[in-house]
Structures are given as structure tokens and as C-alpha cells.
Amino acid sequence: MAHPPHASPGAAVAHAAESRWALMVGAIILFLVGMIVYMSLHWAAMPPVRTETIDAGTLHISGEFVETNLGSTLEPDGTVMVRVLANQYSFTPSCLLVPKDTEIRIRGTAADVVHGFSVGQSNVNLMLIPGYISNFRTKFEKTGEHMMPCHEYCGVGHAAMWARVKIVGKAEFARLAAGGRRLSCVGQ
Ligand code: CUA
């Protein structure tokens, strides 16, 4: 003869175990939902302060990313500022010239869609997003030349979108950059 469901001790143990697991799963779900709510409120209340925006539609005409302002310059404090612009399907300049053993600051943006780049054998890795300015600081310890491919899929020409980075000696860079000239290694 079959026992009624709650009459056997086994059924009571199973019921208790199931209740425990249901409580635990419920608690995990509540914790995750709580985390999402907290993070949403946190980000809404305190957006990242260093976000810099730019109008992607007019950056060719005026402002920091006009063509004559792109490339590398030696700043008065001895650091080097590199400005780079991404377009389907090229970077401007297509070869970045930088000195070794120097703090390099890179500022970049995109004019059309999301692009990005990394530089071989270095920690340089940026996304370039229309409407935003991306910043990166780095230092190169050796002279040489590295590939700088676009690493965000940006359309049919993505695979052919790349530039180069050429690292020269500090003294050579200083000589070339004298008088505030903007440098690149396009055509070299
Ligand atoms: Cu630009 Cu991929």
C-alpha cells in the first residue's frame, strides 16, 4: 500500500532540502537584482568625470582634431602629445612618430563609426568612438617600428585599416620637433 506524500520521513527530508535550495536561489537572484539597481543608480548619479565629448560632425572643420593639428608634438613639459583621427578606413596620420623613454599621451577620436587600435609589443589599446575623445598614456623603451591595426570591426575595409608607429631616439625626435612642428612618419 502506498504512503500519502507527507507520511514518509524521506518526503519530509526532501521537502526541507527543496525549501532550502529555493531560498538560496531566491537570495542569489535578489542579490543580483540589487546589484543591478545599485550600479544603475550609482552610474546615473555619478557619471565618469573624465568623459570628454566632441561633435563628430564638425571635427574636420574646427577644434583639436583638424588635420593640421594631428600627429606628434613635443610639449613644453617634455612629454609628447599624439593626436590621431580614425575614419573608414584609415588613421590620420597613418604613421605615428614618437620618441623612446618619453611619456607619450595619445588623444584620439573617430569621425564616423567605432574604430580602435592596439600597438604591437606595447600596452597601447584604445577604442575610438564618434563623439568621444579617448586618452592613453604610455612609454616606449626601445626604438623600432610596430604595426597599429584597427581592432574594432568597422565595415568592409576593416581588415585593411592599419597604421604604423615608429619610435626614434629622444634627441632625434627633439631635433625634428624643434619650433613646435607636428610630426608623423607618413611616407618614411
Ligand atoms: Cu576601423 Cu576596423
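The values are calculated or read from the model by the stated rules, or taken from the named source; none is laboratory data. As the structure is a computational prediction, the values presented were derived from the model and not from experiment. Every residue, glycine as well, gets a Cβ built from its backbone with ideal geometry; the counts of neighbours run over all protein chains shown. In case anyone asks, the SASA skips ligands and DNA or RNA and just uses the protein heavy atoms, side chains included. Shrake-Rupley method; radii C 1.70, N 1.55, O 1.52, S 1.80 Å.
Find the residue count for segment 118-172, including only residues that are assigned to a helix (DSSP H, G or I), touching a residue at least 12 places away in the same chain (Cβ under 8 Å), within 12 Å of the ligand (Cβ to nearest atom) and open to solvent by 60 Å² or more (accessible area, probe 1.4 Å). So that I can check it myself, show each step before the final result.
To start, the set of residues in segment 118-172 that are assigned to a helix (DSSP H, G or I) comprises 158-160, 170-172.
Still in the running and touching a residue at least 12 places away in the same chain (Cβ under 8 Å): 158, 160, 170, 172.
Cutting the leftovers down to within 12 Å of the ligand (Cβ to nearest atom) gives us 158, 160.
With open to solvent by 60 Å² or more (accessible area, probe 1.4 Å) added as a condition, the list becomes 160.
Adding up the residues that qualify gives 1.
Scanning segment 49-84 for residues that are free of Cβ contacts under 8 Å to residues at least 24 places away in the same chain and on the phi > 0 side of the Ramachandran plot gives a single hit, Gly63. Cβ-Cβ contacts under 9 Å between residues 6 or more apart (or on different chains), taken from a first residue in segment 85-107 that is in the same structural domain as Glu75 (by TED's automatic domain parsing) and within 14 Å of Phe173 (Cβ to Cβ) to a second residue that is part of a loop (DSSP other than H, G, I, E, B) and within 16 Å of the ligand (Cβ to nearest atom), are listed as Leu96/Val119; Ile104/Val124.
Filtering Ala7, Ala56 for residues that are in a loop (DSSP other than H, G, I, E, B), under 30 Å from Ala177 (Cβ atoms) and at pLDDT below 95 leaves a single hit, Ala56. The single condition from (1) touching a Gly at 6+ places or on another chain (Cβ under 8 Å); (2) within 16 Å of the ligand (Cβ to nearest atom) that Ser94 fails is (1).
With the structure loaded, tell me whether Pro99 is in contact with a helix residue (DSSP H, G or I) (Cβ under 9 Å, 6 or more places away or on another chain), within 14 Å of the ligand (Cβ to nearest atom), modelled with pLDDT of 95 or more and over 22 Å from Thr53 (Cα atoms) or whether it fails that test. No; evaluated as a whole, the condition is false for this residue.
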